[in-house]
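K.L.:
Please read through the structure below; I'll follow up with questions.
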Amino acid sequence: MIIISPFAKKLANNMENPKNYAYWEELIQIIPKDIQIVQVGVEGEKQLVHEFYKNLPISELRQLIAKCHTWIGCDSFFQHLAWDCGKPGIVLWSVSDPLIYGHPENTNLLKSRDYLANNQFLWWDFTEYNADAFVKPEEVIKYL
Amino acid sequence: MNKVLCSVATRGRYHTTLPLVLNAIINQTRLPDKLVIFDDNDEPKDMRQEMIYQYFFQMLDIKKIPWEWVYAEKKGQHHIHQKANEMGFDWVWRVDDDAIPEPDVLGNLLGYTTIENIGAIGGSILTPPLKFDTSKSTGKVSDIDKEPNIQWNYIKQSKEVEHLHCSFLYRAGVHDYNLGLSRVAHREETLFTYGLYLKGYKIIVAPHAITWHFKNPEGGIRSESKQELYSHDETIFRNTIGFSDSTIVVLNAGAGDHIVFSHILPEISNPVIFTCYPEIVAGKSIAEANALFGDLDQYNIYKKMAQWNWKGSLEDAYRKLYL
């Protein structure tokens, strides 16, 4: 079983968070069908797979992480929690800097540092969404 | 590098002590690398129209001291000092607008900047007639209610203390002023220098660095009569020194940040934690921290990383902030 944590925290201005991976549906399509995929997130987020656990308490998220083989996520709370649990996974980066916010124990996939936001320390509301900033699903699947 | 910014915050003293202060700064034996005057007057004037100031500005140009006259935001001198603190200099020499330094003050204070881990150096701040016996003053914050300030008389020899008063030289950019104080900014310099001390920097009083303090009940950066403002600031001061044996931690950040922080928590001595996510890092509420300390910006990890032009990991940023 693998966990996907597709979305970063909703922005105050209701715009798409620029850290949200742009190609989740395409990526899920090319993950081998015999792998069970479990989505975690919060109420209001788009459901991408059949099994979607919303608003799990941290203790239950930890239990789920302990059971999974690995996980794929964006730069959000989940990547820190899984790191804290000692479970390496794949983080799909775009505008935030993995050297600051990432953990070397994970596979940190950043297409190019050219896409990083100039100011890494502002709210992400001020950064435009850019799907081109992410690596493509074919690249991600190589690391799964 | 020992680039020194001289910063003067002024209010209501255009024609009393401020000219004396500026004259004294311009005639230091070791000149500052820049002079900035923060004008916090209710009705600021263009002092280039005033004859005495015209001469001052010309003297500064002749002596090649870059200078800037900044119209301040009328929020109090703590905001002004924080601006100076962030102007990119190695050291800031803050001089009050009624404190007239003798010509060798900056040079003598700078002589102490080679001491390892020095944070701030202050000299004597003398108000005639000299009526305080400071021979037994310790300079410790715990004695602040029991003794005259050690700077209120001649300082015979250098001594490590825990806080400074009025005008002094300090290492810039390593500690913030408490911006939660009211406009009167009562105790602001004590809180600031004691904060440096708590961060492990040495605070020293030095001999042969005499500043004459022409205390004047009229004018001044603290010219406010509302007692509640002083009480507000005094409460923040008392709350802060009440935690002097602890490391105050304020986690005013996201849930993921709390997790990252939790990895350095075992390294922090005697932490008192205020938290947004007690289920991740246990502690008291942020509202409580706000009520106790007034200003939480000094604990804002994102603000600090921006200030440090940070390139390292979030975990190391927390380490820098708290260890």
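K.L.:
Within segment B:1-34, count every residue that is assigned to a loop (DSSP other than H, G, I, E, B), under 18 Å from the mean Cα position of the chain (by Cα) and either at pLDDT 95 or above or of a type in the set (F, W, Y) (or both).
P.N.:
2
K.L.:
For segment B:127-142, name all the residues that are within 20 Å of the chain's Cα centre (by Cα) and either surrounded by 21 or more Cβ atoms within 10 Å (Cβ to Cβ) or in a helix (DSSP H, G or I) (or both).
P.N.:
Once the filter is applied, which keeps residues that are within 20 Å of the chain's Cα centre (by Cα) and either surrounded by 21 or more Cβ atoms within 10 Å (Cβ to Cβ) or in a helix (DSSP H, G or I) (or both), segment B:127-142 yields B:G139, B:V141, B:S142.
K.L.:
Here's a follow-up. Answer yes if at least one residue in segment A:77-94 is in a loop (DSSP other than H, G, I, E, B) and in contact with a Pro (Cβ under 9 Å, 6 or more places away or on another chain), and no otherwise.
P.N.:
Kept after step one, since they are in a loop (DSSP other than H, G, I, E, B), are these residues of segment A:77-94: A:85-89, A:93-94.
Within this subset, residues satisfying the condition of being in contact with a Pro (Cβ under 9 Å, 6 or more places away or on another chain) are A:94.
Yes.
K.L.:
Could you go through segment A:65-77 and let me know if any residue there is touching an Asp or Glu at 6+ places or on another chain (Cβ under 8 Å), crowded, with 16+ Cβ neighbours inside 10 Å and more than 17 Å from A:L27 (Cα to Cα).
P.N.:
Kept after step one, since they are touching an Asp or Glu at 6+ places or on another chain (Cβ under 8 Å), are these residues of segment A:65-77: none.
No, segment A:65-77 has no match at all.
K.L.:
State which residue is farthest from the other protein chains (Cβ to nearest Cβ) when the search covers only segment B:244-260 and only residues that are in contact with a strand residue (DSSP E or B) (Cβ under 6 Å, 6 or more places away or on another chain) and of a type outside the set (S, T, N, Q). Walk me through how you get there before you give the answer.
P.N.:
Initial filter on segment B:244-260 (in contact with a strand residue (DSSP E or B) (Cβ under 6 Å, 6 or more places away or on another chain)): B:246-251, B:258.
Then keep just the ones that are of a type outside the set (S, T, N, Q); that gives B:248-251, B:258.
Details: B:I248: 22, B:V249: 18, B:V250: 17, B:L251: 13, B:H258: 8 Å.
Restricting to residues being in contact with a strand residue (DSSP E or B) (Cβ under 6 Å, 6 or more places away or on another chain) and of a type outside the set (S, T, N, Q), the top hit is B:I248.
K.L.:
Now, a different point. With the structure loaded, tell me whether A:F78 is in contact (Cβ under 8 Å) with a residue 60 or more places away in the chain, within 11 Å of chain B (Cβ to nearest Cβ), of a type in the set (F, W, Y) and touching a strand residue (DSSP E or B) at 6+ places or on another chain (Cβ under 7 Å) or whether it fails that test.
P.N.:
Numbers: in contact (Cβ under 8 Å) with a residue 60 or more places away in the chain: yes; within 11 Å of chain B (Cβ to nearest Cβ): yes; of a type in the set (F, W, Y): yes; touching a strand residue (DSSP E or B) at 6+ places or on another chain (Cβ under 7 Å): yes.
Yes.
K.L.:
Any residue at all in segment B:35-46 that is of a type outside the set (K, R), modelled with pLDDT of 95 or more, buried (at least 19 other Cβ atoms within 10 Å of the Cβ) and assigned to a loop (DSSP other than H, G, I, E, B)?
P.N.:
For segment B:35-46, residues of a type outside the set (K, R), modelled with pLDDT of 95 or more, buried (at least 19 other Cβ atoms within 10 Å of the Cβ) and assigned to a loop (DSSP other than H, G, I, E, B): absent.
K.L.:
Also, quick follow-up: Tell me the residue from A:L81, A:L61, A:L109 that is crowded, with 18+ Cβ neighbours inside 10 Å, over 20 Å from B:A255 (Cβ atoms) and of a type outside the set (G, A, S), please. Quick ask: steps written out before the conclusion?
P.N.:
Values: A:L81 fails: over 20 Å from B:A255 (Cβ atoms); A:L61 fails: over 20 Å from B:A255 (Cβ atoms).
After ruling out the rest, the residue left standing is A:L109.
K.L.:
Filter segment A:112-131 down to residues that are in a helix (DSSP H, G or I) and free of Cβ contacts under 8 Å to residues at least 24 places away in the same chain and give me whichever is surrounded by the fewest Cβ atoms within 10 Å (Cβ to Cβ).
P.N.:
Initially, segment A:112-131 is screened for residues in a helix (DSSP H, G or I), giving A:113-115, A:124-126, A:131.
Still in the list and also free of Cβ contacts under 8 Å to residues at least 24 places away in the same chain: A:113-115, A:126.
Working: A:R113: 10, A:D114: 7, A:Y115: 16, A:F126: 12.
If we take residues in segment A:112-131 being in a helix (DSSP H, G or I) and free of Cβ contacts under 8 Å to residues at least 24 places away in the same chain, then A:D114 is surrounded by the fewest Cβ atoms within 10 Å (Cβ to Cβ).
K.L.:
Still on this structure, I have one more. Report yes if B:I100 is closer than 21 Å to B:R187 by Cα, modelled with pLDDT of 95 or more and more than 17 Å from the chain's Cα centre (by Cα), otherwise no. Please lay out each step first, then the result.
P.N.:
Details: closer than 21 Å to B:R187 by Cα: yes; modelled with pLDDT of 95 or more: yes; more than 17 Å from the chain's Cα centre (by Cα): yes.
Yes.
K.L.:
A:I100 passes all but one of (1) of a type in the set (V, I, T); (2) more than 25 Å from B:Q307 (Cβ to Cβ); (3) within 14 Å of chain B (Cβ to nearest Cβ); which number fails?
P.N.:
Unmet condition: (2).
K.L.:
Sticking with this one: Among the residues in segment B:68-87, are any in a loop (DSSP other than H, G, I, E, B) and buried (at least 19 other Cβ atoms within 10 Å of the Cβ)? Working first, answer last.
P.N.:
Step one: list which residues in segment B:68-87 are in a loop (DSSP other than H, G, I, E, B), which gives B:72-76, B:86-87.
Right, trim to buried (at least 19 other Cβ atoms within 10 Å of the Cβ) and you get B:72, B:76.
Yes - at least one qualifying residue is present in segment B:68-87.
K.L.:
Any residue in segment A:108-131 that is of a type outside the set (D, E, K, R), facing another protein chain (nearest Cβ under 10 Å) and under 14 Å from the mean Cα position of the chain (by Cα)?
P.N.:
Step one: filter segment A:108-131 for residues of a type outside the set (D, E, K, R), giving A:108-110, A:112, A:115-124, A:126-127, A:129-131.
With facing another protein chain (nearest Cβ under 10 Å) added as a condition, the list becomes A:119-123.
Narrowing the set further to residues that are under 14 Å from the mean Cα position of the chain (by Cα) leaves none.
Looking through segment A:108-131, none of the residues is of a type outside the set (D, E, K, R), facing another protein chain (nearest Cβ under 10 Å) and under 14 Å from the mean Cα position of the chain (by Cα).
K.L.:
Taking B:K215 as the residue in question, decide whether it is closer than 30 Å to B:I280 by Cβ, under 20 Å from the mean Cα position of the chain (by Cα), assigned by TED's automatic domain parsing to the domain that holds B:H15 and among the basic types (K, R).
P.N.:
Details: closer than 30 Å to B:I280 by Cβ: no; under 20 Å from the mean Cα position of the chain (by Cα): yes; assigned by TED's automatic domain parsing to the domain that holds B:H15: yes; among the basic types (K, R): yes.
Considered against the rule, which asks whether it is closer than 30 Å to B:I280 by Cβ, under 20 Å from the mean Cα position of the chain (by Cα), assigned by TED's automatic domain parsing to the domain that holds B:H15 and among the basic types (K, R), B:K215 comes out as no.
K.L.:
Mind counting the residues in segment B:278-319 that are closer than 24 Å to A:D97 by Cα and either at pLDDT below 95 or within 13 Å of chain A (Cβ to nearest Cβ) (or both)?
P.N.:
Within segment B:278-319, the first condition is being closer than 24 Å to A:D97 by Cα, and the residues that meet it are B:280, B:297-319.
Then drop every residue that is not either at pLDDT below 95 or within 13 Å of chain A (Cβ to nearest Cβ) (or both), which leaves B:280, B:297-318.
Adding up the residues that qualify gives 23.
K.L.:
Any residue in segment A:38-51 that is in contact (Cβ under 8 Å) with a residue 12 or more places away in the chain, away from chain B (no Cβ under 14 Å) and under 29 Å from B:D316 (Cα atoms)?
P.N.:
No.
K.L.:
A:K87 - would you say it is within 14 Å of chain B (Cβ to nearest Cβ) and either surrounded by fewer than 14 Cβ atoms within 10 Å (Cβ to Cβ) or closer than 22 Å to A:K142 by Cβ (or both)?
P.N.:
Values: within 14 Å of chain B (Cβ to nearest Cβ): yes; either surrounded by fewer than 14 Cβ atoms within 10 Å (Cβ to Cβ) or closer than 22 Å to A:K142 by Cβ (or both): yes.
Yes.
K.L.:
What single numbered condition from (1) closer than 15 Å to A:Q39 by Cβ; (2) touching a strand residue (DSSP E or B) at 6+ places or on another chain (Cβ under 7 Å); (3) more than 8 Å from chain B (Cβ to nearest Cβ) fails to hold for A:K67?
P.N.:
(2)
K.L.:
Select from segment B:266-323 the residues that are acidic (D, E) and either over 27 Å from the mean Cα position of the chain (by Cα) or assigned to a helix (DSSP H, G or I) (or both) and list them in ascending order. Steps first, answer last, please.
P.N.:
First, pick out the residues of segment B:266-323 that are acidic (D, E): B:267, B:279, B:288, B:295, B:297, B:315-316.
Across segment B:266-323, the qualifying residues are B:E267, B:E279, B:E288, B:D297, B:E315, B:D316.
The values are calculated or read from the model by the stated rules, or taken from the named source; none is laboratory data. Bear in mind the structure is a predicted one, so any value in this text is a computation, not a measurement. Cβ atoms come from the backbone with ideal geometry, glycine included; neighbour counts cover every protein chain shown.
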